1. Consider only pairs whose beta carbons are under 8 Å apart and that are at least six residues apart or on different chains; among these, list those whose first residue lies in region 449-460 and is assigned to a helix (DSSP H, G or I) and whose second residue is of a type in the set (S, T, N, Q).
2. Only one of these conditions is not met by GLU82: (1) surrounded by 18 or more Cβ atoms within 10 Å (Cβ to Cβ); (2) assigned to a helix (DSSP H, G or I). Which number is it?
3. Go through the residues of region 245-252 one by one and say whether even a single one is under 30 Å from TYR188 (Cβ atoms), among the hydrophobic types (A, V, I, L, M, F, W, C) and touching a Leu at 6+ places or on another chain (Cβ under 8 Å).
4. Run THR298 past the list (1) assigned to a helix (DSSP H, G or I); (2) more than 25 Å from LEU66 (Cβ to Cβ) and report the number of the one that doesn't hold.
5. If TYR114 satisfies every condition in (1) buried (at least 16 other Cβ atoms within 10 Å of the Cβ); (2) within 30 Å of ARG345 (Cα to Cα); (3) not hydrophobic (A, V, I, L, M, F, W, C) but one, which is the exception?
6. Could you say which residue among ARG81, ARG132 is among the charged types (D, E, K, R) and within 29 Å of PHE238 (Cα to Cα)?
7. Please determine whether any residue of region 214-231 is outside any helix (DSSP H, G or I), at pLDDT 95 or above and either of a type in the set (Phe, Trp, Tyr) or outside the structural domain of TYR482 (by TED's automatic domain parsing) (or both).
8. Name the pairs whose Cβ atoms lie under 7 Å apart, with the first residue in region 531-545 and more than 20 Å from LEU251 (Cβ to Cβ), the second aromatic (Phe, Trp, Tyr), and 6 or more positions between them or separate chains?
Amino acid sequence: MYTTKWDLSELCPNENEFSIEYSLLAFRINDINEDCFTNGKKLYAFLYTDDEILMYLEKLYTYVSLAYDLDTSNNKALMFRERVDELFQAYTRQVAFFEPKFLSLDKKTIDKFYEQCPKLSKYKLFLDRIYRYKEHTLEEKYERLLSRFSSVFDRNGKTYHILTDSDLTFGKISDDNGKKVELTDSNYQLFLQSSNQLVRKNAFLTLHKTYAKFGNTIASLYYSHINELKVISELKNFHTILDMVVFDDELDSSVYKNLVSVVNKRMDVIYNYFKIKKDYLKLFDFHVYDTYAPLAKTNSFKYSYEEAVKIVLEALKPLGKRYLNVLEDGYKNGWVDVYPSRAKRSGAYSSGSYLTKPYMLLNFEGTYTDVSTLAHESGHSMHTYYSNKNNSYRYASYRIFVAEVASTVNELLFANYMLENTDKKEDKIYILDKLMNLYKSTIYRQTMFAEFEETAYDLAEKDVPLTNELLSDKYYELNKKYFGKDVKLDKELRYEWLRIPHFYYRFYVYKYATGLSCATYIVKNINNKEFRNKYLEMLKVGDTKNPFDTLMIAGIDITDPSVIDSAIDYFEEIQEEFKKLISSK
């Protein structure tokens with residue numbers, strides 16, 4: 001009934017067809033020229049052609065990427081992907097002239113283009129968004145020079161990843177069975193989730209002591225990364241680094257500041273969570289590494305893929321029949337590659353392009369988490385489906401700021417459904433434990449990370465040298481605020497910031513917290529038919545509106561404290577539900 005494998009021949013039937021499409025795209029890319037600002041008609045023709053090239057280039061990239069992910073040992077698939085990567089780079093070089101030249105035009109010239117070619121109005125929003133950067137753009141020769149340094153500016157983050165992914169080794173620790181196992185960044189979380197406190201402790205101390213040895217090197221990389229942002233923000237006429245990075249999302253710093261303000265006022269909720277966990281685990285000394293310990297001893301969840309699909313469709317019923325019909329049709333018609341196989345990429349994702357269906361990659365083994373992942377990735381895929389179906393190519397891709405909202409809505413609907421339809425106490429404890437950990441990790445931990453980033457930016461902008469000692473002290477002080485008196489903070493926690501790669505992603509982490517807050521607000525109101533319809537309309541917007549206005553379609557004002565409060569209120573509610581459950585017989 002439900003397909004379990006992708007049929008990539010729908011994208012590209014054979015190697016000969018790939019070669020034809022590749023050659024045609026290469027020819028069209030090479031044919032791009034700078035003669036597009038003579039008049040409105042030429043500008044329209046350029047943008048129309050640019051759309052076509054990008055649409056088919058992304059379709060081809062989708063094909064080679066999916067093929068490689070199905071078998072990462074396939075050297076031919078890797079070669080095809082690298083060839084398309086090269087084609088993307090060639091395209092980028094060919095169109096590099098466009099934005100600087102467009103920004104050199106005055107407003108009267110651009111207005112005249114619209115008069116000369118009324119069809120150009122189709123691209124007005126796109127062009128207006130580029131024009132926003134006019135006051136933040138240097139003369140063309142300096143912009144070109146700056147662009148040549150882009151690979152240099154990325155080098156600190158890349159060097160950090162090489163150091164932490166390839167060069168750092170942590171040695172061996174004993175697992176739950178007393179067997180010596182190599183500790184890595186990848187399996188570290190598994191050790192933290194051990195039911196054995198000694199295993200958790202050894203993993204925590206071993207990992208952070210190793211990072212501490214490289215603290216000066218990593219601090220130097222991070223300081224250089226922030227100084228680059230500082231220099232660019234000054235050159236681009238931004239008041240602060242934070243102002244520059246939120247400008248890209250068509251937002252301002254009030255969204256972030258609202259999040260921090262509300263979270264700081266509601267610290268009692270996270271403190272209560274830690275107290276609940278400490279009491280339930282019966283630990284006299286409750287350390288940071290104990291906050292990851294599982295509360296459920298076991299669970300009875302085990303599902304076939306067919307059962308998982310039926311559960312997800314039941315859980316998502318509040319989203320309405322049309323939503324469910326499209327999603328079920330997708331499950332039947334090749335949206336999902338379900339099972340693990342030799343050399344298949346690990347993890348899960350939703351992908352695709354404007355000219356293709358959404359594609360979901362899973363590695364399904366029948367666990368509760370696998371079913372939750374199916375619900376989550378289905379949220380991404382349905383968001384993509386609605387966005388592509390209701391917008392032209394240029395405006396079909398939604399922003400990163402709202403990308404996790406639809407997926408997390410589905411994840412929460414699934415968790416709520418399972419709570420309502422699960423009888424076993426230990427299973428309910430397992431679900432509530434996962435939910436509480438989600439809110440702890442996303443609302444509070446990610447906001448703490450964001451506060452640390454802001455602190456580092458502020459210090460750099462005041463020309464304070466960012467040493468390992470200073471940054472570690474600042475990080476440790478923030479942890480004191482976020483963990484409270486019931487959690488014992490080992491001194492090694494000072495060095496945890498050294499292992500967080502997101503600090504090189506230009507102030508990204510706060511979006512996790514705002515995304516979960518918006519999703520919680522939606523789930524709380526989704527049974528209201530009028531609200532549900534507004535939410536579904538929100539999924540259709542694509543990039544025709546900025547993130548703030550997109551969310552406002554569903555009545556979500558992300559600068560309003562009540563949105564963040566609604567998520568923290570729900571965190572508080574599930575804590576109370578957990579306490580009632582464990583006190584019952």
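The values are calculated or read from the model by the stated rules, or taken from the named source; none is laboratory data. Predicted, not measured: the structure shown is a model, and the values here were computed from it. All Cβ positions, glycine included, derive from the backbone under ideal geometry; neighbour counts span all protein chains shown.
1. Here the result reads TYR457/THR240; ALA460/ASN227, each pair linking region 449-460 to a residue that is of a type in the set (S, T, N, Q).
2. (1)
3. If we filter region 245-252 for residues that are under 30 Å from TYR188 (Cβ atoms), which is where we start, we get 245.
Imposing the further condition that a residue be among the hydrophobic types (A, V, I, L, M, F, W, C) reduces the set to 245.
Filter once more, keeping what is touching a Leu at 6+ places or on another chain (Cβ under 8 Å): 245.
Yes, that holds for at least one residue.
4. Of (1) assigned to a helix (DSSP H, G or I); (2) more than 25 Å from LEU66 (Cβ to Cβ), only one is false for THR298: (1).
5. (2)
6. Exactly one of ARG81, ARG132 is among the charged types (D, E, K, R) and within 29 Å of PHE238 (Cα to Cα), namely ARG132.
7. There is at least one residue in region 214-231 that is outside any helix (DSSP H, G or I), at pLDDT 95 or above and either of a type in the set (Phe, Trp, Tyr) or outside the structural domain of TYR482 (by TED's automatic domain parsing) (or both).
8. LEU536/TYR323; LYS540/TYR386
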